[in-house]
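What follows is a single structure, written as C-alpha coordinates, with notes after it.
The values are calculated or read from the model by the stated rules, or taken from the named source; none is laboratory data. Source: prediction; values computed, not measured. Virtual Cβ from ideal backbone geometry, glycine too; neighbours counted across all protein chains shown. Each accessible area value is taken on the protein alone, full model and side chains, heavy atoms only, with ligands, DNA and RNA left out. Shrake-Rupley method; radii C 1.70, N 1.55, O 1.52, S 1.80 Å.
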Amino acid sequence: MRLRLLLLALGTFAVGTDGMVIAGILPLVSDDLGVSVSTAGQMITVFALAYAVLAPVLATVTAKWPRLRTLLTALTVFTVANALSALAPTFGLLLATRVLAAVGAALYTPTANAVATALVPPERRGRAIATVMGGLTVATALGVPLGTWIGRSDWRLTMWLVTALGAAAFAGVGLLLRGLPAPKPSPGLRARLAPLGDRRVLGAATTTFLVFLAVQTVFIYYTVAAAPATGGDQSKLTLLLLVSGVFSVAGSSLGGRVVDRWGPRVVLLTAGTVAAAVSLALPWLMRSMTTALIASALNPLAGWAMAVALPARLVALDPPSAPLLLSLNSSALYLGVAGGGVTGSAAIAVLGERWFPFTSTLLMLLAVALAALTTRRTAAATPAARSTFVLSES
(Lines give C-alpha, C1' and ligand atoms only; values in the text may rest on other atoms or scores of the structure.)
Protein backbone atom coordinates (compact mmCIF):
# COMPACT_ATOMS: atom_id res chain seq x y z
CA MET A 1 0.00 0.00 0.00
CA ARG A 2 2.78 2.39 0.91
CA LEU A 3 4.51 1.69 -2.42
CA ARG A 4 1.35 2.56 -4.33
CA LEU A 5 1.03 5.88 -2.53
CA LEU A 6 4.69 6.66 -3.21
CA LEU A 7 4.21 5.95 -6.91
CA LEU A 8 1.31 8.38 -6.97
CA ALA A 9 3.56 10.89 -5.19
CA LEU A 10 6.20 10.47 -7.91
CA GLY A 11 3.67 11.83 -10.38
CA THR A 12 2.82 14.82 -8.20
CA PHE A 13 6.57 15.40 -7.79
CA ALA A 14 6.87 15.68 -11.58
CA VAL A 15 3.82 17.97 -11.77
CA GLY A 16 5.04 20.11 -8.88
CA THR A 17 8.52 20.48 -10.33
CA ASP A 18 7.04 21.49 -13.68
CA GLY A 19 4.76 24.09 -12.12
CA MET A 20 7.34 25.70 -9.85
CA VAL A 21 10.70 25.38 -11.60
CA ILE A 22 9.74 27.79 -14.39
CA ALA A 23 10.44 30.77 -12.12
CA GLY A 24 14.09 29.72 -11.92
CA ILE A 25 14.63 29.65 -15.70
CA LEU A 26 12.68 32.74 -16.83
CA PRO A 27 15.80 34.84 -17.62
CA LEU A 28 17.17 32.04 -19.83
CA VAL A 29 13.85 31.66 -21.66
CA SER A 30 13.78 35.44 -22.12
CA ASP A 31 17.26 35.53 -23.67
CA ASP A 32 16.75 32.48 -25.86
CA LEU A 33 13.35 33.36 -27.33
CA GLY A 34 13.72 37.14 -27.43
CA VAL A 35 10.99 38.15 -25.00
CA SER A 36 11.06 40.15 -21.78
CA VAL A 37 11.27 38.38 -18.45
CA SER A 38 7.77 39.60 -17.57
CA THR A 39 6.46 38.16 -20.85
CA ALA A 40 8.26 34.88 -20.18
CA GLY A 41 6.52 34.83 -16.81
CA GLN A 42 3.23 34.28 -18.64
CA MET A 43 4.32 30.64 -18.86
CA ILE A 44 3.38 30.37 -15.18
CA THR A 45 0.11 32.28 -15.54
CA VAL A 46 -1.02 30.29 -18.59
CA PHE A 47 -0.26 26.97 -16.88
CA ALA A 48 -2.05 27.94 -13.66
CA LEU A 49 -5.15 29.36 -15.36
CA ALA A 50 -5.46 26.41 -17.76
CA TYR A 51 -5.15 24.01 -14.82
CA ALA A 52 -7.77 25.89 -12.81
CA VAL A 53 -10.32 25.94 -15.63
CA LEU A 54 -9.74 22.41 -16.92
CA ALA A 55 -9.51 20.38 -13.69
CA PRO A 56 -13.28 20.12 -12.97
CA VAL A 57 -14.10 19.73 -16.66
CA LEU A 58 -11.67 16.85 -17.09
CA ALA A 59 -12.87 15.21 -13.87
CA THR A 60 -16.41 15.23 -15.27
CA VAL A 61 -15.43 14.00 -18.75
CA THR A 62 -13.34 11.13 -17.39
CA ALA A 63 -15.65 10.14 -14.52
CA LYS A 64 -16.50 6.76 -16.11
CA TRP A 65 -12.91 5.87 -16.98
CA PRO A 66 -11.00 3.24 -14.98
CA ARG A 67 -8.67 5.13 -12.71
CA LEU A 68 -5.51 3.47 -14.03
CA ARG A 69 -6.46 4.57 -17.53
CA THR A 70 -7.02 8.12 -16.30
CA LEU A 71 -3.65 8.24 -14.54
CA LEU A 72 -1.77 6.85 -17.54
CA THR A 73 -3.53 9.18 -19.97
CA ALA A 74 -2.73 12.16 -17.76
CA LEU A 75 0.95 11.22 -17.48
CA THR A 76 1.20 10.61 -21.23
CA VAL A 77 -0.18 14.06 -22.05
CA PHE A 78 1.99 15.67 -19.37
CA THR A 79 5.19 13.95 -20.54
CA VAL A 80 4.64 14.64 -24.23
CA ALA A 81 3.79 18.27 -23.48
CA ASN A 82 7.05 18.82 -21.61
CA ALA A 83 9.04 17.20 -24.42
CA LEU A 84 7.35 19.62 -26.81
CA SER A 85 8.21 22.49 -24.44
CA ALA A 86 11.86 21.48 -24.62
CA LEU A 87 11.69 21.54 -28.43
CA ALA A 88 9.56 24.69 -28.87
CA PRO A 89 11.23 27.06 -31.38
CA THR A 90 9.10 30.12 -30.56
CA PHE A 91 7.53 31.61 -27.45
CA GLY A 92 4.01 31.25 -28.87
CA LEU A 93 4.47 27.53 -29.34
CA LEU A 94 6.03 27.27 -25.89
CA LEU A 95 2.90 28.82 -24.35
CA ALA A 96 0.76 26.30 -26.23
CA THR A 97 2.79 23.41 -24.81
CA ARG A 98 2.33 24.84 -21.30
CA VAL A 99 -1.44 24.66 -21.78
CA LEU A 100 -1.09 21.04 -22.89
CA ALA A 101 1.07 20.28 -19.83
CA ALA A 102 -1.65 21.81 -17.66
CA VAL A 103 -4.17 19.40 -19.21
CA GLY A 104 -2.09 16.44 -18.04
CA ALA A 105 -1.45 17.95 -14.62
CA ALA A 106 -5.11 18.91 -14.11
CA LEU A 107 -6.18 15.37 -14.88
CA TYR A 108 -3.46 13.64 -12.85
CA THR A 109 -3.33 15.37 -9.46
CA PRO A 110 -7.03 15.17 -8.47
CA THR A 111 -7.21 11.57 -9.71
CA ALA A 112 -4.08 10.62 -7.75
CA ASN A 113 -5.55 12.10 -4.57
CA ALA A 114 -8.87 10.33 -5.18
CA VAL A 115 -7.09 7.01 -5.74
CA ALA A 116 -5.08 7.55 -2.54
CA THR A 117 -8.24 8.05 -0.46
CA ALA A 118 -9.76 4.90 -2.01
CA LEU A 119 -6.73 2.77 -1.14
CA VAL A 120 -6.95 3.37 2.63
CA PRO A 121 -9.64 3.23 5.33
CA PRO A 122 -11.38 6.54 6.17
CA GLU A 123 -9.31 7.11 9.32
CA ARG A 124 -6.11 7.18 7.23
CA ARG A 125 -7.26 9.46 4.42
CA GLY A 126 -5.36 12.45 5.78
CA ARG A 127 -2.05 10.58 5.74
CA ALA A 128 -2.77 9.16 2.28
CA ILE A 129 -3.39 12.64 0.87
CA ALA A 130 -0.30 13.89 2.72
CA THR A 131 1.80 11.24 0.99
CA VAL A 132 0.56 12.19 -2.46
CA MET A 133 0.79 15.92 -1.69
CA GLY A 134 4.27 15.16 -0.39
CA GLY A 135 5.32 14.92 -4.04
CA LEU A 136 4.57 18.62 -4.35
CA THR A 137 6.48 19.50 -1.21
CA VAL A 138 9.51 17.44 -2.26
CA ALA A 139 9.31 19.22 -5.61
CA THR A 140 9.69 22.48 -3.68
CA ALA A 141 12.61 21.16 -1.64
CA LEU A 142 14.44 19.15 -4.31
CA GLY A 143 12.89 19.37 -7.77
CA VAL A 144 12.98 23.15 -8.11
CA PRO A 145 16.62 23.67 -7.06
CA LEU A 146 17.70 20.62 -9.08
CA GLY A 147 15.82 21.77 -12.16
CA THR A 148 17.15 25.30 -11.83
CA TRP A 149 20.72 24.01 -11.48
CA ILE A 150 20.43 21.65 -14.45
CA GLY A 151 19.04 24.43 -16.61
CA ARG A 152 21.52 27.08 -15.50
CA SER A 153 23.04 27.20 -19.00
CA ASP A 154 20.13 25.92 -21.12
CA TRP A 155 16.53 26.09 -19.92
CA ARG A 156 15.57 23.26 -22.29
CA LEU A 157 17.54 20.83 -20.13
CA THR A 158 15.16 21.64 -17.28
CA MET A 159 12.18 20.72 -19.45
CA TRP A 160 13.88 17.44 -20.41
CA LEU A 161 14.32 16.71 -16.70
CA VAL A 162 10.58 17.16 -16.13
CA THR A 163 9.91 14.99 -19.18
CA ALA A 164 12.05 12.23 -17.67
CA LEU A 165 10.21 12.51 -14.34
CA GLY A 166 6.87 12.19 -16.11
CA ALA A 167 8.08 9.13 -18.02
CA ALA A 168 9.36 7.52 -14.80
CA ALA A 169 6.00 8.12 -13.11
CA PHE A 170 4.20 6.61 -16.13
CA ALA A 171 6.35 3.49 -15.98
CA GLY A 172 5.89 3.06 -12.22
CA VAL A 173 2.13 3.58 -12.29
CA GLY A 174 1.67 1.35 -15.33
CA LEU A 175 3.68 -1.54 -13.92
CA LEU A 176 2.85 -1.48 -10.21
CA LEU A 177 -0.50 0.25 -9.78
CA ARG A 178 -2.82 -2.31 -11.38
CA GLY A 179 -5.96 -3.54 -9.68
CA LEU A 180 -7.10 -0.13 -8.45
CA PRO A 181 -10.57 0.18 -6.93
CA ALA A 182 -13.10 0.86 -9.68
CA PRO A 183 -14.82 4.24 -9.63
CA LYS A 184 -18.41 4.29 -8.41
CA PRO A 185 -21.14 3.98 -11.05
CA SER A 186 -21.16 7.33 -12.81
CA PRO A 187 -24.33 9.46 -12.54
CA GLY A 188 -25.48 11.88 -15.21
CA LEU A 189 -23.81 15.21 -15.88
CA ARG A 190 -26.24 17.19 -13.74
CA ALA A 191 -25.72 14.88 -10.76
CA ARG A 192 -21.93 15.03 -11.15
CA LEU A 193 -22.04 18.82 -11.17
CA ALA A 194 -24.44 19.02 -8.21
CA PRO A 195 -21.58 19.65 -5.70
CA LEU A 196 -20.96 22.95 -7.46
CA GLY A 197 -24.25 24.22 -6.01
CA ASP A 198 -23.43 23.09 -2.46
CA ARG A 199 -22.58 26.03 -0.22
CA ARG A 200 -20.26 23.84 1.81
CA VAL A 201 -18.26 22.99 -1.30
CA LEU A 202 -18.20 26.64 -2.33
CA GLY A 203 -16.98 27.65 1.13
CA ALA A 204 -14.25 25.00 1.11
CA ALA A 205 -13.07 25.91 -2.41
CA THR A 206 -13.04 29.61 -1.55
CA THR A 207 -10.95 28.86 1.54
CA THR A 208 -8.45 26.99 -0.65
CA PHE A 209 -8.28 29.94 -3.03
CA LEU A 210 -7.67 32.44 -0.22
CA VAL A 211 -5.02 30.27 1.44
CA PHE A 212 -2.95 29.90 -1.73
CA LEU A 213 -3.51 33.50 -2.75
CA ALA A 214 -2.11 34.52 0.64
CA VAL A 215 0.86 32.16 0.41
CA GLN A 216 1.76 32.99 -3.20
CA THR A 217 1.51 36.73 -2.63
CA VAL A 218 4.74 36.42 -0.65
CA PHE A 219 6.30 33.27 -2.12
CA ILE A 220 6.42 34.54 -5.71
CA TYR A 221 8.27 37.61 -4.45
CA TYR A 222 10.27 35.79 -1.81
CA THR A 223 13.50 37.23 -3.20
CA VAL A 224 12.15 40.71 -2.52
CA ALA A 225 10.93 39.87 0.99
CA ALA A 226 14.22 38.20 1.94
CA ALA A 227 16.51 40.86 0.44
CA PRO A 228 17.27 42.60 3.77
CA ALA A 229 18.47 39.28 5.25
CA THR A 230 20.35 38.00 2.22
CA GLY A 231 21.77 41.29 0.99
CA GLY A 232 21.47 39.87 -2.53
CA ASP A 233 23.73 36.91 -1.69
CA GLN A 234 22.48 33.97 -3.77
CA SER A 235 23.96 31.40 -1.39
CA LYS A 236 22.02 32.86 1.53
CA LEU A 237 18.84 32.86 -0.52
CA THR A 238 19.47 29.23 -1.46
CA LEU A 239 19.83 28.34 2.22
CA LEU A 240 16.50 30.00 3.04
CA LEU A 241 14.81 28.14 0.17
CA LEU A 242 16.35 24.86 1.30
CA VAL A 243 15.05 25.34 4.83
CA SER A 244 11.66 26.28 3.41
CA GLY A 245 11.61 23.11 1.30
CA VAL A 246 12.55 20.83 4.18
CA PHE A 247 9.84 22.26 6.41
CA SER A 248 7.31 22.04 3.56
CA VAL A 249 7.81 18.26 3.64
CA ALA A 250 7.53 18.27 7.43
CA GLY A 251 4.36 20.36 7.29
CA SER A 252 2.70 18.00 4.83
CA SER A 253 3.53 14.95 6.96
CA LEU A 254 2.44 16.64 10.19
CA GLY A 255 -0.75 17.91 8.58
CA GLY A 256 -1.77 14.42 7.51
CA ARG A 257 -1.37 13.02 11.00
CA VAL A 258 -3.19 15.89 12.69
CA VAL A 259 -6.05 15.76 10.18
CA ASP A 260 -6.51 12.05 10.88
CA ARG A 261 -6.42 12.66 14.63
CA TRP A 262 -8.46 15.87 15.06
CA GLY A 263 -9.99 16.66 11.68
CA PRO A 264 -9.25 19.48 9.22
CA ARG A 265 -10.88 22.25 11.26
CA VAL A 266 -8.14 22.13 13.90
CA VAL A 267 -5.42 22.23 11.24
CA LEU A 268 -7.02 25.03 9.24
CA LEU A 269 -7.63 27.31 12.21
CA THR A 270 -4.36 26.62 14.04
CA ALA A 271 -2.01 26.56 11.06
CA GLY A 272 -3.80 29.48 9.41
CA THR A 273 -3.36 31.60 12.52
CA VAL A 274 0.34 30.72 12.67
CA ALA A 275 0.79 31.58 8.98
CA ALA A 276 -0.98 34.91 9.43
CA ALA A 277 1.18 35.75 12.44
CA VAL A 278 4.40 34.91 10.59
CA SER A 279 3.49 37.02 7.56
CA LEU A 280 2.57 39.89 9.89
CA ALA A 281 6.03 39.65 11.45
CA LEU A 282 7.94 39.20 8.17
CA PRO A 283 8.97 42.86 7.81
CA TRP A 284 10.96 42.40 11.04
CA LEU A 285 11.88 38.71 10.74
CA MET A 286 13.54 39.32 7.36
CA ARG A 287 16.00 41.85 8.80
CA SER A 288 18.55 39.17 9.73
CA MET A 289 19.44 35.66 8.57
CA THR A 290 18.75 34.14 12.00
CA THR A 291 15.16 35.32 12.16
CA ALA A 292 14.68 34.79 8.40
CA LEU A 293 15.56 31.13 8.89
CA ILE A 294 12.88 30.90 11.59
CA ALA A 295 10.31 32.44 9.25
CA SER A 296 11.41 30.14 6.42
CA ALA A 297 10.66 27.16 8.68
CA LEU A 298 7.36 28.28 10.22
CA ASN A 299 5.64 29.55 7.09
CA PRO A 300 5.86 26.34 5.01
CA LEU A 301 5.25 24.18 8.09
CA ALA A 302 1.89 25.88 8.59
CA GLY A 303 1.09 26.36 4.91
CA TRP A 304 1.64 22.76 3.84
CA ALA A 305 -0.27 21.41 6.83
CA MET A 306 -3.21 23.46 5.55
CA ALA A 307 -2.61 22.13 2.02
CA VAL A 308 -3.40 18.63 3.34
CA ALA A 309 -6.43 19.69 5.37
CA LEU A 310 -8.10 21.53 2.48
CA PRO A 311 -8.64 18.53 0.13
CA ALA A 312 -9.33 16.20 3.06
CA ARG A 313 -12.16 18.50 4.07
CA LEU A 314 -13.67 18.37 0.58
CA VAL A 315 -13.40 14.59 0.23
CA ALA A 316 -15.29 14.14 3.49
CA LEU A 317 -18.29 16.04 2.13
CA ASP A 318 -19.05 13.34 -0.44
CA PRO A 319 -16.43 10.55 -0.83
CA PRO A 320 -18.01 9.05 -4.00
CA SER A 321 -17.59 12.46 -5.69
CA ALA A 322 -13.95 12.72 -4.61
CA PRO A 323 -12.47 13.16 -8.12
CA LEU A 324 -14.72 16.12 -8.92
CA LEU A 325 -14.34 17.68 -5.47
CA LEU A 326 -10.56 17.32 -5.58
CA SER A 327 -10.48 18.82 -9.05
CA LEU A 328 -12.37 21.82 -7.67
CA ASN A 329 -9.79 22.09 -4.88
CA SER A 330 -7.00 21.97 -7.47
CA SER A 331 -8.73 24.65 -9.53
CA ALA A 332 -9.05 26.91 -6.52
CA LEU A 333 -5.41 26.24 -5.63
CA TYR A 334 -4.12 27.19 -9.07
CA LEU A 335 -6.37 30.25 -9.26
CA GLY A 336 -4.67 31.32 -6.04
CA VAL A 337 -1.27 30.71 -7.62
CA ALA A 338 -2.24 32.71 -10.71
CA GLY A 339 -3.63 35.55 -8.61
CA GLY A 340 -0.66 35.65 -6.23
CA GLY A 341 1.61 37.27 -8.79
CA VAL A 342 -0.88 40.07 -9.41
CA THR A 343 -1.68 40.57 -5.72
CA GLY A 344 1.98 40.56 -4.69
CA SER A 345 2.95 43.01 -7.42
CA ALA A 346 0.13 45.37 -6.45
CA ALA A 347 1.02 45.06 -2.75
CA ILE A 348 4.66 45.98 -3.46
CA ALA A 349 3.54 48.99 -5.49
CA VAL A 350 1.19 50.22 -2.75
CA LEU A 351 2.93 49.18 0.49
CA GLY A 352 6.56 48.96 -0.60
CA GLU A 353 9.03 46.09 -0.61
CA ARG A 354 9.29 45.82 3.17
CA TRP A 355 5.62 45.96 4.14
CA PHE A 356 3.88 44.10 1.29
CA PRO A 357 3.60 40.83 3.35
CA PHE A 358 0.81 42.55 5.31
CA THR A 359 -1.44 41.78 2.33
CA SER A 360 -0.74 38.08 2.86
CA THR A 361 -1.69 38.47 6.52
CA LEU A 362 -5.07 39.96 5.63
CA LEU A 363 -5.82 37.26 3.05
CA MET A 364 -4.86 34.46 5.44
CA LEU A 365 -7.04 35.90 8.19
CA LEU A 366 -9.94 35.98 5.74
CA ALA A 367 -9.28 32.32 4.96
CA VAL A 368 -9.21 31.40 8.66
CA ALA A 369 -12.44 33.32 9.30
CA LEU A 370 -14.18 31.59 6.40
CA ALA A 371 -12.96 28.18 7.60
CA ALA A 372 -14.26 28.93 11.09
CA LEU A 373 -17.67 29.94 9.74
CA THR A 374 -18.11 27.00 7.38
CA THR A 375 -16.94 24.17 9.63
CA ARG A 376 -17.98 22.98 13.03
CA ARG A 377 -16.65 20.46 15.49
CA THR A 378 -17.96 16.92 15.46
CA ALA A 379 -19.14 15.72 18.83
CA ALA A 380 -18.02 12.17 18.12
CA ALA A 381 -15.06 10.98 20.13
CA THR A 382 -13.71 8.09 18.12
CA PRO A 383 -10.87 8.53 15.63
CA ALA A 384 -13.02 7.15 12.81
CA ALA A 385 -15.77 9.60 13.62
CA ARG A 386 -13.32 12.47 13.86
CA SER A 387 -12.11 11.62 10.38
CA THR A 388 -15.65 12.22 9.10
CA PHE A 389 -14.99 15.97 9.28
CA VAL A 390 -18.55 17.09 9.92
CA LEU A 391 -19.23 20.43 8.20
CA SER A 392 -21.97 22.96 8.73
CA GLU A 393 -24.57 24.00 6.20
CA SER A 394 -23.60 27.64 6.35
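Before moving on, here are some points about what is shown:
- Most fluctuating residue given options 128, 112, 316, as computed from a GNM of the chain linking Cα atoms under 10 Å: 316
- Figure note: 236, 64 ranked by solvent-accessible area, largest first, 1.4 Å probe, ligands and nucleic acids not counted: 64, 236.
- Reciprocal of mean inverse Cα separation for region 1-67 (Kirkwood radius, Å): 14.3
- Taking 44, 129, 294 as the candidate residues, the one with maximal mean-square fluctuation in a Gaussian network model of the chain, Cα springs under 10 Å, is 294.
- Per-bin percent of Cα-Cα distances, region 212-294 [5 Å]: 3, 13, 21, 25, 18, 11, 6, 3, 0
- With the highest mean first, a sort of the peptides 88-97, 53-62 on other beta-carbon atoms found within 10 angstrom per residue produces 53-62, 88-97.
- Under-5 Å amide H pairs with residue 375, H placed in peptide plane, nonlocal only: 392
- Accessible surface ranking that places the most exposed of 212, 358 first, with a 1.4 angstrom probe: 358, 212
- Region 124-138 and region 332-348 have Cα centres lying 24 Å from one another.
- Simple spin-label estimate for residue 238 and residue 157 gives 1.4 nm between the two label positions (7 Å along the Cα-to-Cβ direction from each Cα).
- The HN-Hα couplings worked out from phi for region 212-220 by the Karplus form 6.51 cos²θ - 1.76 cosθ + 1.60 (θ = phi - 60°) are 6, 5, 5, 5, 6, 4, 8, 4, 4 Hz, whole numbers, x standing for Gly and Pro.
- Rg over Rh for the chain works out to 0.95, both radii taken from alpha-carbon positions and Rh defined as the Kirkwood radius.
- Restricting the calculation to Cα atoms, region 284-327 shows an Rg/Rh of 1.33 when the hydrodynamic-style radius is the Kirkwood one.
- Considering only 135, 255, 151, the mean-square fluctuation computed in a Gaussian network model of the chain, springs between alpha carbons under 10 angstrom, is largest for 151.
- Euclidean distance between Cα centres, region 294-322 to region 19-95, Å: 24
- For residue 2, the solvent-accessible surface with a 1.4 Å probe is about 150 Å², rounded to the nearest 10.
- For q = 0.24, 0.25, 0.28 Å⁻¹, Debye-computed log10 I/I(0) when each Cα of region 63-129 counts as one equal scatterer: -0.92, -0.96, -1.07
- Each Lys and Arg Cβ is given +1 and each Asp and Glu Cβ -1; about its Cα centre, the chain then shows a dipole of about 1280 debye.
- Ligands, DNA and RNA aside, residue 355 has an accessible area near 90 Å² when probed at 1.4 Å.
- Convex hull volume per residue, computed on the Cα atoms of region 101-156, equals 74 Å³.
- Percent of Cα pairs exceeding the 24 Å cut-off, where the set is region 32-150: 34
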